[in-house]
1. I need the per residue convex hull volume for the stretch B:167-221, using only the alpha carbons, in cubic angstrom as a whole number.
2. For A:S76, go 7 angstrom from Cα along the Cα-to-Cβ vector, then report the distances to that same point in the other copies in nm, smallest first.
3. What nm distances, shortest first, do you get from the label point of B:K178 to those in the other copies when the point sits 7 angstrom along Cα to Cβ?
4. Which is farthest toward the positive dipole end of the protein assembly as shown among B:S128, A:L41, A:A70, measuring Cα position about the Cα centre, with Cβ charges +1 (Lys, Arg) and -1 (Asp, Glu)?
5. Taking the Cα centre of the protein assembly as shown as the origin, how large is its charge dipole in debye, to the nearest 20, when only Lys and Arg (+1) and Asp and Glu (-1) carry charge on their Cβ atoms?
6. Got the A:G223 label distances to the other copies yet, label 7 Å along Cα→Cβ, in nm, shortest first?
7. Per DSSP H run of at least 4 residues, take -39500 (n - 2.57); add these up for chain B, divide by its residues and hand me the 222 nm value, nearest 500 deg cm²/dmol.
8. If you line up the long axis of helix B:113-126 against the longest principal axis of chain B, both from Cα atoms, how many degrees apart are they, to the nearest 10?
There are 2 protein chains.
Amino acid sequence: MQIKIAIVDDKASNRNILHDMLQRHGHFNITLLAADGKDFLDKMQQIEEKKMPDVVLMDLEMPNMDGVAAIAAGSSLYPSVKFVVLTIFDDEDKIFKAIKAGAFGYLLKDESAENITDTLWQMYENGSGPISPGIAFKMLQLMQKNDLKPTLASAANKQENFFQLSEREQEILRMLAKGLGYREIGIQLNISVNTAKKHVINVYHKLHVNSRAQALSLAYDKGML
Amino acid sequence: MQIKIAIVDDKASNRNILHDMLQRHGHFNITLLAADGKDFLDKMQQIEEKKMPDVVLMDLEMPNMDGVAAIAAGSSLYPSVKFVVLTIFDDEDKIFKAIKAGAFGYLLKDESAENITDTLWQMYENGSGPISPGIAFKMLQLMQKNDLKPTLASAANKQENFFQLSEREQEILRMLAKGLGYREIGIQLNISVNTAKKHVINVYHKLHVNSRAQALSLAYDKGML
DNA sequence: TAACAATGTATCCGATTGGATTATTGGTAA
DNA sequence: TTACCAATAATCCAATCGGATACATTGTTA
């Protein structure tokens with residue numbers, strides 16, 4: 001089975017190299033070539049049904065209309081078409097924008113030729129999108145440092161609880177964060193000083209730390225406070 | 001150069017298979033084996049310096065303490081150690097939690113043996129984290145449907161210094177945030193324990209607090225850390 | 001030069017903390 | 001109903017902390 005491919009890149013040399021590379025593989029059939037986003041969308045409007053691409057390889061920086069805009073428009077107009085970014089840019093901003101625009105994959109041009117065709121092909125075998133390892137890692141870092149908004153309305157800011165602290169222990173942790181000592185915790189929670197202390201020590205054990213400062217730095221670090 | 005690896009998995013058979021697989025590769029040196037998160041953290045506390053792992057391969061579902069909790073604690077306690085998830089689970093929830101907990105990579109166990117060792121090895125050649133293609137795609141989908149909070153990136157993160165702490169005192173404050181005691185601070189900064197203590201007390205005075213916990217909560221609150 | 005701030009050192013002492021251990025109670029899952 | 005666990009409580013002890021106070025050395029500023 002052949003995969004129909006479109007190539008969108010403003011440099012003719014790039015289009016040719018890619019074209020040849022894919023053609024040699026045997027499983028790819030290049031049915032559309034365009035020099036920029038606008039050109040691509042124009043050609044898509046008139047294309048014959050049987051040449052409608054399965055996958056669009058899209059460069060990002062182009063005149064007239066850039067790749068992100070083309071993906072945004074194209075993924076809405078042709079929902080069944082998979083848009084794969086193929087570019088030299090690997091900065092967070094571009095990655096993020098392309099993904100939000102609806103990119104199905106993100107490949108770096110400096111990947112070896114075999115790597116690109118192989119990854120594209122694998123995408124069809126296992127159904128997942130083609131993503132360069134470097135891009136995958138950048139995505140991970142993006143997710144790590146940016147908080148995701150709750151997808152659902154009210155499911156709002158529920159605190160993480162990696163360490164399975166009990167309700168009481170979380171309460172104790174918040175007391176520690178206020179800078180309270182055993183005695184004060186005991187008073188505020190109406191329990192004995194000894195009990196307060198026991199809780200604190202239990203929290204330490206669960207967090208694998210052995211001081212207030214360590215517990216707090218871990219708690220703040222992991223967004224538990 | 002050899003990469004020191006730790007393996008954390010509750011099933012002995014998995015540990016053995018992985019152990020052999022990595023050993024055969026030649027570039028990996030397994031220095032720590034643990035049956036669950038708790039076991040792992042315990043062993044890390046006592047491990048010899050020269051056996052401190054570079055990379056920890058962590059299963060997710062384990063008794064006592066699961067992989068996510070172990071990564072959350074471990075990545076804070078040992079910032080230089082890279083935690084790589086190695087599991088059979090590829091659902092969004094687990095992926096997301098593991099990444100937020102500080103995972104450096106995410107590999108699926110059903111990957112072929114060569115694939116796992118190769119990906120791990122490549123991680124060292126190009127510096128990026130090892131991520132299974134399927135996981136990368138799931139991450140992309142996660143980003144697509146979840147809104148990211150303001151990319152903040154460059155802008156706002158300049159450190160405030162409301163309390164006019166001296167350079168040294170800010171340094172001391174960071175030591176406190178790490179959970180160090182007087183003795184340890186002294187050693188790290190090459191000053192006497194007494195001096196370390198004097199600095200700490202001075203910081204307290206400037207912040208108008210009288211305990212580590214209060215100092216830290218104030219510092220975190222005011223964005224000084 | 002005199003004053004000053006930041007840094008470094010030291011000692012004394014009571015208060016607090018961290019750790020280990022043991023035990024009772026009430027709720028709940030097997 | 002037994003078994004388990006969270007929450008409660010207490011005791012002992014060593015280690016650490018917080019506070020006060022005194023003094024020496026720099027480097028900078030008035």
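1. With only Cα atoms used, the stretch B:167-221 gives 66 Å³ per residue.
2. For A:S76, the inter-copy label distances come out at 4.3 nm.
3. Label point to label point, same position, other copies: 3.1 nm.
4. Highest projection toward the positive end goes to B:S128.
5. Numbers: 52 positive and 56 negative charges, 433 e Å.
Its charge dipole is roughly 2080 debye.
6. Listed shortest first, these distances are 1.9 nm.
7. Values: 10 runs with 116 residues, N = 225.
Value at 222 nm, helices only, nearest 500: -16000 deg cm²/dmol.
8. Helix B:113-126 sits at roughly 40 degrees to that axis.
A short reminder: the numbers here are calculations on the coordinates, not readings from a lab. Keep in mind it's a predicted model, so treat the numbers as computed, not measured. Neighbour counts run over all protein chains shown; Cβ positions are idealised from the backbone, glycine included.
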